[in-house]
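Since the structure comes first, as structure tokens, the remarks are kept for the end.
The values are calculated or read from the model by the stated rules, or taken from the named source; none is laboratory data. Since we're looking at a predicted model, the values are computed, not measured. For neighbour counting, all protein chains shown are included, and Cβ atoms are generated from backbone atoms with ideal geometry for every residue, glycine included. Heads up: the accessible areas ignore ligands, DNA and RNA and are worked out on the full protein's heavy atoms, side chains in. Shrake-Rupley method; radii C 1.70, N 1.55, O 1.52, S 1.80 Å.
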Amino acid sequence: MVEDGRGFGDRLASFRQQAGLSQQELAKLSGLSVRSVGSLERGRVRWPHPDTVHRLADALRLQGQARDEFIAGAGRLLARGARGSSATAAHDPAPDPGGLPSPGLGPGMPVPRQLPLQARDFIGRKAELDFLACVADASGPGSSGTVVISAIGGTAGVGKTALALHWAHQVAALFPDGQLYVNLRGFDPSRAPVTPAEAVRGFLDALGVPAERIPAEQDAQTGLYRSVLAERAMLIVLDNARDEAQVRPLLPANPASVVLITSRSQLTGLAVADGARLLTLDLLSRHEAVELLTARIGDDRAAAEPAAVDEIARLCAHLPLALTVTAARAATRPRFPLTELAAELREAACRLDALDAGEAAASVTAAFSWSCAQLSPAAARMFRLLGVHPGPDISVPAAASLAGTGQPEARRLLRELARDCLITEHAPGRYAFHDLLRAHAARQAQDCESEHDRAAASRVLDHYLHTAARAAALLRPSHEQFALAPPRPGTCPERPADHRQALAWFEAEHQVLLAAVAFAAETGADRYAWQLPSAMKVYLHLRGDPQARMTVMTSAVAAATRLGDVLGQAMSLRSLGNACTDIGDYDQARAHLEHCLLLYRGLDDRMGEGWAHRSLSVLDGFQGRYADALGHTEQGLRLFQAIGHEALEAEMLNGVAWSHALMGDYQQARASCERSLALIAKLGGCHFEGEVWDTLGYIEFHLGDFARAADHFELALALCRDRGDRGSHAWILTHVGDARHAAGELPQARRAWQQALAILDDLQHPSAGRVRAKLASIEDRMSGA
């Protein structure tokens, strides 16, 4: 029986249909792409690879004679291909007298199979493999008529070559005319990059073009290369490319071929000018990283110490190169517990040394260094300075202050680093890198010699401090402020223009600011360690995050105490006491607030003293000590009136009103609210107006006018909604629910309490239990009805 590619394809299609499978289902079961299955069935693959045939037979569950005949038929095709190649090579015609061969596929031309051995234990990357399969599906007959190009970018050690070779071996059978491969050495420290001329000449040799037929000029060689490929369906892997100029002469024009490129650069120029599809390879997921480690060190050893495996994966930043180096070190010490290896990696200063297996190709530091060596001097400096930045990511304005340069220059340098995959732009205008690259940058930053560079950390702390102070004043103009030293030269703080921009800035920089506070405390920058939390306190209160406030304010108190800064101690203690009140630790709150009151009195700071009384009144209200609460609000009111601060007077009048309302003196409470609203109107509005209407709603509720109470609460909700104050939002929603429930509007009450509970649960607020009980009661009532 004479079998050809079409005959094998018909047999495959017949078996697939008998099994009741679609091409998509067979592709999934066999691990091939849908395109591969379709090409095999259409006879486009003349010599299917044996591994492919066996995978198909397994997926089709062929057994016995049917399996033997299926595999034997494919084997006959492969044998015929080999014999045909040898026979025609023996009868190759003499060269043309003109010196150039016919550019088409000659019958005696060899079929190159240059793909290197693929990495063992290849793990994950399903989405990326699917992407490559879809890209490859665009080649061949019926395509747009252009060659398909896919470029895989990513940082050093992320597994670009492993992915490229794994996929290339999977689809090799779809390219019966051969596979070409070249390592372009774009980031090799010891050898120069392969020039396009060298790569073309190597490919021409592999394609069997005699040396005497290869022209001397590079352009002519490129033209001959493309002519030889004009009739061929080939897979061309260009590994470790430096830039677009290095690979562009190696691109064929034949749409039946596919080009796969790997590079530490993004190669966006290929996407613009040549239609390349770009794929940026990220770090492995936690699950994939653990799976790779397990595959390398063995299931039994991994199962015996799962916590250590998980920690090693995290300390390796889920970077494949770091994981494989670590696994190799574990293999050389089979009797050592994995916890010992994890302990070595845990030491941040020595982590990169632990990820060095003794040769450049197996060293994380060497891989990073090769990438850095290609940077411009200014970009290399920016990379080093990013190593001293404390946060998980950085914005362009903050990077400008870090480097002491303008924003346009900072943006240009960050983009250069992103193009070379040393950092990633994970959100518009925000850049980050993984922990191992951060450690490499920090190690390089230790060698900074100029005073300007050594001041980078102080500049970026000044950036965050001065921007946070301005933003806090926009969020709550009446909040307690303090004098700031001028920022260091080269610092360019941001200038949010209104409440919305200030809130957006804090939201974007929240995690960075927390890290900056910790960094300041760890490095002995105590002025920043207390002032930055004080500038953040308004936002942290609005966000409703008492645990974060507890953390940063505890650090602030310690820093101000070390400095002997009494005002810093008083301000930090008041904020810490407020946070303790919010989490229900009333004893600790009272200790902090009474201490800060004494400090303010010692400083003769009447505004600070008034704020301390306000905080104590809130604490007393939560503890049911309403007469004490009223006493503190009245003392605070007198202090604010004495210094002539009308906004604080209006705010404290609302506190007086609330204390009267808690004591049941609703008429006096209403009068205080009206005085507060009159002052607010005189001032043209204040950010706390919604709180006054909430107090009025509480008063009307207890006077039995539930409709008016609901109206007041709804107005308060509207005024507070855009402030970003989640705690107040939940508080007022609870009151809305109370009023609706009292008026018999049960569905509206339930909806308000549900919204309040969602916020309080997210904040882990102690009031959540009371709202949950209200909801349970109304659910019982509604179900009974």
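Each residue in region 451-507 was checked for being of a type in the set (Ser, Thr, Tyr), part of a helix (DSSP H, G or I) and farther than 22 Å from residue 521 by Cα, and 0 pass. Residue count for region 316-328 satisfying the condition of being out of contact with any Asp or Glu (no Cβ under 8 Å at 6 or more places or on another chain) and buried (at least 20 other Cβ atoms within 10 Å of the Cβ): 9. Suppose we filter 775, 717, 746 for residues that are crowded, with 19+ Cβ neighbours inside 10 Å, modelled with pLDDT of 85 or more and of a type outside the set (Ser, Thr, Tyr); which single one remains? Result of the check over 775, 717, 746: 717. The residues of region 247-288 that are touching a helix residue (DSSP H, G or I) at 6+ places or on another chain (Cβ under 6 Å) and farther than 21 Å from residue 133 by Cα, listed by number, are 249, 250, 264, 265, 269. The residue that is modelled with the lowest pLDDT, counting only those in region 178-198 that are outside any strand (DSSP E or B) and buried (at least 21 other Cβ atoms within 10 Å of the Cβ), is 187. The set of residues in region 95-120 being open to solvent by less than 50 Å² (accessible area, probe 1.4 Å) and modelled with pLDDT of 75 or more consists of 111, 112, 115, 116, 119. Please go through region 489-500 and pick out each residue that is within 20 Å of residue 408 (Cα to Cα) and open to solvent by 100 Å² or more (accessible area, probe 1.4 Å). Selection gives 489, 495. Exactly one residue out of 455, 427, 418 is touching a Phe, Trp or Tyr at 6+ places or on another chain (Cβ under 8 Å), in contact (Cβ under 8 Å) with a residue 12 or more places away in the chain, surrounded by fewer than 22 Cβ atoms within 10 Å (Cβ to Cβ) and hydrophobic (A, V, I, L, M, F, W, C), and it is 418.
Would you confirm, using the coordinates I've provided, whether residue 275 is more than 27 Å from residue 418 (Cα to Cα) and surrounded by fewer than 16 Cβ atoms within 10 Å (Cβ to Cβ)? So residue 275 does not fit the description; no.
Scanning region 627-670 for residues that are over 21 Å from residue 604 (Cβ atoms), acidic (Asp, Glu) and in a helix (DSSP H, G or I) turns up 628, 646, 651. Which residues, taken from region 749-772, are without any contact (Cβ under 8 Å) to a residue 60 or more places away in the chain and open to solvent by less than 50 Å² (accessible area, probe 1.4 Å)? Correct list: 749, 752, 753, 756, 757, 760, 767, 768, 769, 771. Can you find a residue in region 140-151 that is at pLDDT 90 or above, within 32 Å of the chain's Cα centre (by Cα) and either crowded, with 19+ Cβ neighbours inside 10 Å or polar (S, T, N, Q) (or both)? No, that holds for no residue.
Counting only helices (runs of 4 or more DSSP H) that sit completely within region 314-380, those holding 2 or more residues that are of a type in the set (S, T, N, Q) correspond to 320-332, 364-373. In region 239-266, the residues that are on the phi > 0 side of the Ramachandran plot reach residues that are of a type outside the set (A, V, I, L, M) and part of a helix (DSSP H, G or I) with C-beta atoms within less than 8 angstrom, at least six apart or across chains, in these pairs: 240/161.
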